[in-house]
Amino acid sequence: MTADAVQLASLGKGEIVLRNIYKSYGPEKFATDVICDCSFTAEANRFTVMIGPSGVGKSTLIRLIAGFEKPTRGTILIDGRPVTGSGRDRLVVFQESALFPWMTTEQNVYYGPLARGETKSSVHGLAEFLLNKVGLQGFRKNYPAQLSGGMQRRAELARALINNPDVMILDEPFRGLDAMTKKLMLDYYARLCEDAPRTNLFVTTDIDEAIFLADRLLVMGHVPTQVRAVIDVDLPRPRNYAAIFRDERANAIKIEALSLLHEEAMKAFAGGSKAAADFITAYRRRVAG
Amino acid sequence: MMSLPGTLAMPSANPERQWHRFSPRVLLDPSARRAVIAVAAVCIFWQLGATSRGWLGFSLPVIGAIPAPDAVAAAWVKLIHDPGYWQSWEQSFLRVALGFAAATSVGVPFGLALATNSTFRGFAFPVFELLRPIPPLAWVPAAIIFWPTQELSIDFVIFLGGFYTMVLNVLGGAETIDARLIQAARSMGASRWNIFRRLILPGVLPSIGVGMEVAIGITWEVVVAAEMISGGGSGSATSSSGGLGFFIWNSYVGGSYPNIIVGMISIGIAGYLSSAVVRRCVARLTPWLRRPR
């Protein structure tokens, strides 16, 4: 590990604990529960992936952990300290690019430290290291609109990493990228994390992506959101995205997770529709019989 | 390095499209050529229509009643040596500049305050919305009464013309700023002031630009009408001191019809020039919006 990479690692910090989290929206009387009694722990320095069908409230959980919103009930602890608002210890990389459109790649990367009053020269080394690391040294003067989708994602990773957060929260960061770029980004991000370990909470709907990245999978259940199952992904690292499903263990995990997810997806799909719910009941009976 | 075909957009230097740098090559540019052709076609059509009595035997409706381009050109040539004509330009330009500057410098902070402070918005927005439908020209009589000089009342009316547009654009622009940008900045530990200066302000700049482009057009509309209504401004209402609006009105009263057209075209040119200046300033302020061509 180089000196800059050491600077980037955030060892043994960033444990996330959720205790009996409830979140409902709307005025008290008509409130709809989105999250109901959700508890889990994301261990420090490990890669936790939260997977579930779309619409189960994963993004809501992320906003709570990030501190953008407050839970209706329950506590969220980061390294034992309760979350009261957004903080530098945990940074979110969103679904779509949230780069500042009026800043160049370089200005985006420098934004966090400069906004906190650090000098440009004090973070220069780290900024250069990161720009090189994400392969954007040649695009430092470009505005986000002049970058490709994959480049934007990498610029955003660099912008988050320069703040050296204890926790990286990634909410479907590679969604919307084409399959090729996505695969490259995954390999790339996995390598980045192996070089400089830190606590990661990664949200996705893609099982291959989840198993490739995860130390531990949280399979999220249907609304109101709860953790349906925790699966340890005990595959050796470094992993190779192209080769990972040649491994039997990986496939066993995939099948286990998929069967859970299938059930949840059916429930999410049927959410609110009597006809769809009836269909699922009938389908289950046929499968059972 | 991944650079997938079609996804990587880099600015490319294409000299043919750099229309703002004037050179004789501009005439090779298709859009400039089309502009010249269009203006020439309008002039020919106008000349034919205006002289229709001579070659058709009867005057075409509307167009047959206006002075022909050659008469207008002759009147213009005479006016070029008349300092009074240039003073009209100067006067109108000064009024527009003053009113526009006031509308921008009051409208932008007012719009930002409305967008960022909900208490202020609660108080100020209803009043703003109540006053907004009143056309600037409806203010002319009242403005003449409550401003000490007629000049100030004209400036005030011009200011109103640009002000509402500026405020609405700033307000609309601030509302389109992505909340995730603010969240991202906040979680990186940025102060409120830093978020305002580095995110809100540049975030509304494009809308300020749009507001300015619209406002400069409106101020030209308003200045001309205000000059006509008020009789040219501070007491000394001669054709040389009233601005282009009064120049047109005075030409009408004095019966020099070609001069009316000269005045109208002058306003067209003046408006075009000031819009072009504003557009260039805006483009310079928002470099991230420059699309690679």
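Inside the range A:137-151, can you point out the residues that are more than 7 Å from every other protein chain (Cβ to nearest Cβ) and either charged (D, E, K, R) or closer than 9 Å to residue B:288 by Cα (or both)?
Across the range A:137-151, the qualifying residues are A:140, A:141, A:142, A:144.
For the range A:67-112, how many residues are over 30 Å from residue A:141 (Cα atoms) and among the aliphatic types (A, V, I, L, M)?
So the answer is 4.
Being surrounded by 21 or more Cβ atoms within 10 Å (Cβ to Cβ) and assigned to a helix (DSSP H, G or I) is the filter; apply it to the range A:130-142 and report the residue that is modelled with the lowest pLDDT.
Selected residue: A:133.
Suppose we keep only residues that are surrounded by 13 or more Cβ atoms within 10 Å (Cβ to Cβ) and among the β-branched types (Val, Ile, Thr) within the range B:110-147. Which one would you say is farthest from residue B:174 (Cα to Cα)? Write out each step before concluding.
So the first thing to find is which residues in the range B:110-147 are surrounded by 13 or more Cβ atoms within 10 Å (Cβ to Cβ), and the list is B:110-116, B:120-121, B:124-125, B:128, B:132, B:135-137, B:139-140, B:142-144, B:147.
Those still in the list that are among the β-branched types (Val, Ile, Thr) too: B:116, B:140, B:144.
Values: B:116: 8, B:140: 32, B:144: 35 Å.
Taking the candidates together, the pick is B:144.
Being under 21 Å from residue A:116 (Cβ atoms) and charged (D, E, K, R) is the filter here, so list the residues in the range B:165-224 that pass it.
B:180, B:186, B:192, B:197, B:198
Can you tell me which residue is nearest to the other protein chains (Cβ to nearest Cβ) among those in the range A:79-107 that are in a helix (DSSP H, G or I) and surrounded by 19 or more Cβ atoms within 10 Å (Cβ to Cβ)? Give the steps one after another, and end with the answer.
If we filter the range A:79-107 for residues that are in a helix (DSSP H, G or I), which is where we start, we get A:105-107.
Filter once more, so that each one left must be surrounded by 19 or more Cβ atoms within 10 Å (Cβ to Cβ): A:105-106.
On the way: A:105: 11, A:106: 13 Å.
In this case the residue turns out to be A:105.
Does the range A:2-34 hold any residues that are modelled with pLDDT under 85 and either touching a helix residue (DSSP H, G or I) at 6+ places or on another chain (Cβ under 7 Å) or in a helix (DSSP H, G or I) (or both), and which are they?
A:3, A:4, A:5, A:6, A:7, A:8, A:28, A:29, A:30, A:34
Pick out the one residue from B:95, B:121, B:132, B:180 that is in contact with a Gly (Cβ under 8 Å, 6 or more places away or on another chain) and not aromatic (Phe, Trp, Tyr).
B:95
Going by what's in this entry, would residue A:266 be described as at pLDDT below 85 and surrounded by 14 or more Cβ atoms within 10 Å (Cβ to Cβ)?
Yes; evaluated as a whole, the condition is true for this residue.
Inside the range B:156-257, counting only helices (runs of 4 or more DSSP H) that do not spill past its ends, which hold 2 or more residues that are modelled with pLDDT of 90 or more and either in contact with a Leu (Cβ under 6 Å, 6 or more places away or on another chain) or more than 30 Å from residue B:84 (Cβ to Cβ) (or both)?
B:179-187, B:192-195, B:201-230
The values are calculated or read from the model by the stated rules, or taken from the named source; none is laboratory data. Here the structure is a predicted model, which means the values were calculated and not measured. Note: ideal-geometry Cβ built from the backbone for every residue, glycine included; neighbour counts use all protein chains shown.
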